[in-house]
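Since the structure comes first, as structure tokens, the remarks are kept for the end.
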Amino acid sequence: MSTTDPRVLDDIVKAYDVRGTVPDQMNPAVAYALGVAFARFTAATRVLVGRDMRPSGVELVEEFSRGVMEHGVDVVDLGLASTDLVYYAAGTMDSPAAMFTASHNPAQYNGVKFCLSGARPVGQGSGLDDIRSIAASVLAGQGPAAAHTPGSSSCRNLLEAFADHVVSFVDRTAIRPLRVVADTANGMG
């Protein structure tokens, strides 16, 4: 099966996300097709995108973003981010978002978690099937035509705002002199 064969989606589209090995399943062509599909599915004017520390994420985000922008939708790149930061951004910026991560899977994996504006999750029965169908048509060379005017790309760093949001759940004066240190291993939070 070639890396652009639409049947690869049968193996990587799961119940709540897209996840596969790089580059045989999850590759730039698939990321581009998913970008086109997400732009079409959401019909939004702006899509947010973040990624974890996996080296493959850089190229996958670039191709996903290209697919989104070629279909007239602006991209806001959140850069290195945790999934909860991306969901926070989708809620506060009222925009759909894509998070490139394979969660706990080994480094040779990568994938995408999608959410709608307000951080509403996308899964089977709530849009992932539609995204899969559109992505399959793109991989088969029968995808939707590009927009006459492409979207733009910008970057936004929400780490400080997200940290303030997380800390707002704790009364720091009530726990003094306690100090908390977290080792998130390879986590992005």
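For SER153, enumerate residues with amide H under 5 Å from its amide H, sequence gap 5+ or separate chain, H modeled in the peptide plane.
Sorted by chain and number, the residues that satisfy this are VAL75.
At a threshold of 8 angstrom on Cα-Cα distance, excluding pairs fewer than six apart, so keeping six or more, what relative contact order does segment 8-175 reach in percent?
Relative contact order here is 29 percent.
Per DSSP H run of n ≥ 4, the term is -39500 (n - 2.57); total these for the chain, divide by its residue number, and report the mean residue ellipticity at 222 nm rounded to 500 deg cm²/dmol.
-10500 deg cm²/dmol
What shape does segment 53-150 have by the C-alpha gyration tensor, where a ≥ b ≥ c are the square roots of the eigenvalues, rounded means a/c under 1.5, and otherwise prolate means a/b greater than b/c and oblate the rest?
rounded
What FRET efficiency would be calculated for the residue pair ARG156, ASP5, taking the C-beta separation as r and a Förster radius of 35 Å, to the nearest 0.05?
Efficiency, rounded to the nearest 0.05: 0.50.
Starting with the fewest neighbours, write out VAL36, VAL76 ranked by other beta-carbon atoms found within 10 Å of each beta-carbon.
Ordered from fewest to most neighbouring Cβ atoms within 10 Å, VAL36, VAL76 come out as VAL76, VAL36.
For helix 56-69, report the angle its Cα long axis makes with the longest principal axis of the Cα atoms of the chain; keep it between 0 and 90° and round to the nearest 10°.
The angle comes out at about 60 degrees.
Kindly identify segment 8-175 as rounded, prolate or oblate by the Cα gyration tensor criterion: order the square roots of the eigenvalues as a ≥ b ≥ c, call it rounded if a/c is under 1.5, otherwise compare a/b with b/c, prolate if a/b is larger, else oblate.
Prolate, since a/c reaches 1.5 and a/b exceeds b/c.
Determine, for LEU48, LEU80, the number of other Cβ atoms within 10 Å of each Cβ, and report the residues in order from fewest to most.
LEU80, LEU48
If you line up the long axis of helix 28-42 against the longest principal axis of the chain, both from Cα atoms, how many degrees apart are they, to the nearest 10?
With rounding to tens, the tilt is 80 degrees.
Could you tell me how many degrees, from 0 to 90 and to the nearest 10, lie between the Cα long axis of helix 128-139 and the main elongation axis, the longest principal axis, of the Cα atoms of the chain?
Around 50 degrees separate the two axes.
With point charges of +1 on the Cβ of Lys and Arg and -1 on the Cβ of Asp and Glu, referenced to the Cα centre of the chain, which listed residue (VAL22, ALA174, ALA44) lies farthest in the positive direction of the dipole?
Value computed over the given set: ALA174.
With the dipole of the chain worked out from charges on the C-beta (+1 for Lys and Arg, -1 for Asp and Glu) around the Cα centre, which of GLY57, SER126, ALA161 lies farthest toward the positive end?
ALA161
Of the DSSP beta bridges with both residues in segment 8-175, give the percent that are antiparallel, rounding to the nearest 5.
The answer is about 45 percent antiparallel.
Determine, from the Cβ-Cβ distance of GLU59 and SER168 and an R0 of 22 Å, the FRET efficiency 1/(1 + (r/R0)^6), rounded to the nearest 0.05.
Plugging the Cβ-Cβ distance into 1/(1 + (r/R0)^6) gives 0.05.
How would you classify segment 18-60 from its alpha-carbon gyration tensor, with a ≥ b ≥ c the square roots of the eigenvalues: rounded for a/c under 1.5, else prolate if a/b is greater than b/c, otherwise oblate?
Cα axes put segment 18-60 in the oblate bin.
So for SER117, SER95, fewest C-beta neighbours within 10 Å to most, what's the order?
Placing the least packed residue first, the sequence is SER117, SER95.
Sequence gap at least 6, Cα distance under 8 Å: using those rules, report the relative contact order of segment 13-84 to the nearest whole percent.
Relative contact order comes out at 37 percent.
Tell me the label-point distance for the pair THR45, SER103, using the 7 Å Cα-to-Cβ offset, in nm and rounded to one decimal.
Taking the two extended label points, one gets 3.4 nm.
Most mobile of GLY141, GLY35, GLY118 per a Gaussian network model of the chain (Cα springs, under 10 Å)?
Sorting by GNM fluctuation, first place goes to GLY141.
Read the figures in this text as sums done on the coordinates, not as results from a lab. No experiment lies behind these values; they were computed from the predicted model shown. Don't worry about glycine lacking a Cβ; one is built from the backbone with ideal geometry, like all the others, and counts go over all protein chains shown.
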